[in-house]
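Encoded as structure tokens, the structure appears first; notes follow it.
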Amino acid sequence: MALAYGKEMQQEPTNWNVGDLKQALRQLQNTVASVGAETNLRDMVGQLVSLFRQTNGETELDSSAIAKSEARSLWVEMDKQIRLLELDVLFWQAASGSNAVRRQQQMNDRIDLLLRYCDAWLEKWG
């Protein structure tokens, strides 16, 4: 279930595994680094999106409202960055020359950020 901005998360998580998400991000990062990987990127990002959206982001947190609010904030930010990553791939595929290099770096930066978010999630609630 994709998280709609501003809506409460209503159902229990299914198969939420930040480790799987991290592994998918690392594979995507390796593919981005490969020359001519454009053909695989769109499919890989699609799989990443599916993995991320299988759940609504709730996990078995302690019952405090602060923990749930922090988790929700991190989840929304991760969702936003994944949406932007989808756009990055589309723009990269359409770019050429120095624009393609810049877009590639932008994707790498976004993947690094998502990996840091995964680490923060694991540290706090893992």
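From the list E60, E38, E77, E86, the lone residue that is within 23 Å of D109 (Cβ to Cβ), among the charged types (D, E, K, R), in contact with a helix residue (DSSP H, G or I) (Cβ under 9 Å, 6 or more places away or on another chain) and modelled with pLDDT under 85 is E38. Would you point out the residue of the range 88-102, among those that are assigned to a helix (DSSP H, G or I), hydrophobic (A, V, I, L, M, F, W, C) and surrounded by 12 or more Cβ atoms within 10 Å (Cβ to Cβ), that is nearest to the chain's Cα centre (by Cα)? Among residues in the range 88-102 that are assigned to a helix (DSSP H, G or I), hydrophobic (A, V, I, L, M, F, W, C) and surrounded by 12 or more Cβ atoms within 10 Å (Cβ to Cβ), the one nearest to the chain's Cα centre (by Cα) is V89.
The values are calculated or read from the model by the stated rules, or taken from the named source; none is laboratory data. Keep in mind that this is a model prediction, so the values were computed, not measured. In this analysis, Cβ positions are derived from the backbone assuming ideal geometry, glycine residues included, and neighbour counts consider all displayed protein chains.
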